[in-house]
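Reviewing the structure listed below.
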Amino acid sequence: MDVTFYGATGTVTGSRSLVDVGGQRLLVDCGLFQGYKTLRERNWAELPFDARSLDAVLLTHAHIDHSGALPLLMKAGFKGKIWATAASAELAEVLLLDTAHLQEEEARYRNRHGKTKHQPAEPLYTQDDAHKALAHLHRVGSDGQLNLGDAQVEFSPAGHILGASSIRVSDGERSVLFSGDLGRDDDLVMLPPQTGQRADWVVVESTYGDRLHMDLDPIEQLGDIVRRTAARGGVVIIPAFAVGRTQGLLYALYRLKQAGAIPDLPVMLDSPMGIKATGLYERHNHLHRLSDEECAGIRHMTRFVSSVDDSKALMRQRYPMVVIAGSGMVTGGRVLHHIANFGTHPRNTIVLSGFQAGGTRGADLAAGAKSIKLFGEYVSIRAEVAQIEGLSAHADQTGLLDWLKGLGQPPRQVFVTHGEPHAADALRLRIKEQLGWSARVPDYRETFRLA
């Protein structure tokens, strides 16, 4: 059994791990790289493996840094099946089509306004490309079990977002467990990740491998921000991941309104992808904590903004409101237009509610940037920039260690991935010192023989 790491090494994005096992070549996740330009350029480069040689793809969850390169895989000649849980498959359809649409839309915008170094600007992939990838999606059974040749595959709940899984791959003698992105035990929306799995080797994420979540109530934090912004007549702009973070924010705002803790101001969800994902959370309510009554209350509270014209109309409004829009790290989507419009005035607030990868506009805002580049031009940021740490859907360092401790047996080795360099190495050291296990941080394109 061999494992090669083609992504999520030294970064939280671009998850792609190739497992050669039992005569099968299985790719665990196929995500887009985000953040620094040197990473994003990998999305445009030739794949570092032969897509035609792959037998199948195993998808831990639908977030774009895990699924977003599937259309590129198809363009490179992949012909096999893409396996995912039912909820992940439905979310992947929403995310991939919307991501392709946004790329097409941005290319058209750049060409129309001459804001491109390339003539013409082209999308990374189109909606037709996304449809071709979705045609290869297959749902694993409710038991999470799958046999692929001589390889046995098991999906188990990982919390984090709807349908997210850890994936164990075995040839009957040896096994490797990929954590996927692990959720929190105290997540507002999602149930805790399952642990107790047994594996000889473990690949664990480390997004928050060097830190603990602050002991603050994120709902109270959000309430404070909304109250002070509304008091000065401002607009709250919240860049948010369409899946997971958006639903958590809507639930937090619902709780605040129910308690009378914030003014009864409009809540706008300006994200076609987020609107569709919210519908899926309502349909799969057995996979999360929210009741039917709470889901209905969120829908009643929220104005769903789908069309481009309605989105543009929001930017002409000057009354206090909350606008939630993608993307979460300010890498694209409608939130760019909202920040360009509202970010220039000190009465407004931009709320960063999740992890901001290095090299993203979100990371620049978190670092106190006074201007950011939007559509080829620098825009001054005079709005308040606030951060809420407690809404993260990722386990922190203690949560990651607890998940590892709960495994059915100590593994021979742990590979630490999906983290910025400091976070990954900090978790590696904790695993070694606290658990006494062998752990290492793999390099990009590094192969390990598991024997």
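The values are calculated or read from the model by the stated rules, or taken from the named source; none is laboratory data. Quantities reported herein were computed from a predicted structural model and do not represent experimental measurements. Cβ: placed from backbone, ideal geometry, glycine included. Neighbour counts: every protein chain shown.
Brief remarks follow.
- Checking each residue in the range 99-138 for being farther than 29 Å from residue 83 by Cα, in contact (Cβ under 8 Å) with a residue 60 or more places away in the chain and part of a loop (DSSP other than H, G, I, E, B) picks out 115, 116.
- Filter result for residue 428 (within 23 Å of the chain's Cα centre (by Cα), under 22 Å from residue 9 (Cα atoms), part of a loop (DSSP other than H, G, I, E, B) and not assigned by TED's automatic domain parsing to the domain that holds residue 251): no
- Among (1) out of contact with any Phe, Trp or Tyr (no Cβ under 9 Å at 6 or more places or on another chain); (2) within 28 Å of residue 417 (Cβ to Cβ); (3) modelled with pLDDT of 95 or more - the single one residue 247 does not satisfy: (1)
- In the range 247-291, residue surrounded by the fewest Cβ atoms within 10 Å (Cβ to Cβ) [restricted to those that are among the aliphatic types (A, V, I, L, M) and part of a loop (DSSP other than H, G, I, E, B)]: 259
- Of all residues in the range 48-68, at least one satisfies being touching a residue at least 40 places away in the same chain (Cβ under 8 Å), surrounded by fewer than 17 Cβ atoms within 10 Å (Cβ to Cβ), over 28 Å from residue 325 (Cβ atoms) and of a type outside the set (Asp, Glu).
- Residue 406 being under 17 Å from residue 159 (Cα atoms) and surrounded by fewer than 17 Cβ atoms within 10 Å (Cβ to Cβ): yes
- Tally, over the range 409-422, of residues that are surrounded by fewer than 22 Cβ atoms within 10 Å (Cβ to Cβ) and not acidic (Asp, Glu): 6
- The residue of the range 378-405 that is modelled with the lowest pLDDT, among those that are under 20 Å from the mean Cα position of the chain (by Cα) and small (Gly, Ala, Ser), is 390.
- Residue count for the range 130-155, restricted to those that are surrounded by 20 or more Cβ atoms within 10 Å (Cβ to Cβ) and touching a helix residue (DSSP H, G or I) at 6+ places or on another chain (Cβ under 6 Å): 3
- Test result for residue 230, surrounded by 14 or more Cβ atoms within 10 Å (Cβ to Cβ) and touching a helix residue (DSSP H, G or I) at 6+ places or on another chain (Cβ under 6 Å): no
- Going through (1) farther than 24 Å from residue 427 by Cβ; (2) of a type outside the set (Asp, Glu); (3) touching a Cys at 6+ places or on another chain (Cβ under 8 Å); (4) outside any strand (DSSP E or B) one by one, residue 47 falls short only on (3).
- Just so you know, in the range 166-217 the residues that are part of a loop (DSSP other than H, G, I, E, B) and of a type in the set (Lys, Arg) include one that is surrounded by the most Cβ atoms within 10 Å (Cβ to Cβ), and it is 184.
- Filtered residue count, the range 19-47, keeping only those that are surrounded by 22 or more Cβ atoms within 10 Å (Cβ to Cβ) and not charged (D, E, K, R): 11
- Test result for residue 244, crowded, with 19+ Cβ neighbours inside 10 Å and on the phi > 0 side of the Ramachandran plot: yes
Per-residue answers, yes or no, for (1) on the phi > 0 side of the Ramachandran plot; (2) charged (D, E, K, R); (3) not assigned by TED's automatic domain parsing to the domain that holds residue 241:
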{"residue": "138", "(1), (2), (3)": "no, no, yes"}
{"residue": "148", "(1), (2), (3)": "no, no, yes"}
{"residue": "159", "(1), (2), (3)": "yes, no, yes"}
{"residue": "171", "(1), (2), (3)": "no, yes, yes"}
{"residue": "186", "(1), (2), (3)": "no, yes, yes"}
{"residue": "194", "(1), (2), (3)": "no, no, yes"}
{"residue": "225", "(1), (2), (3)": "no, no, no"}
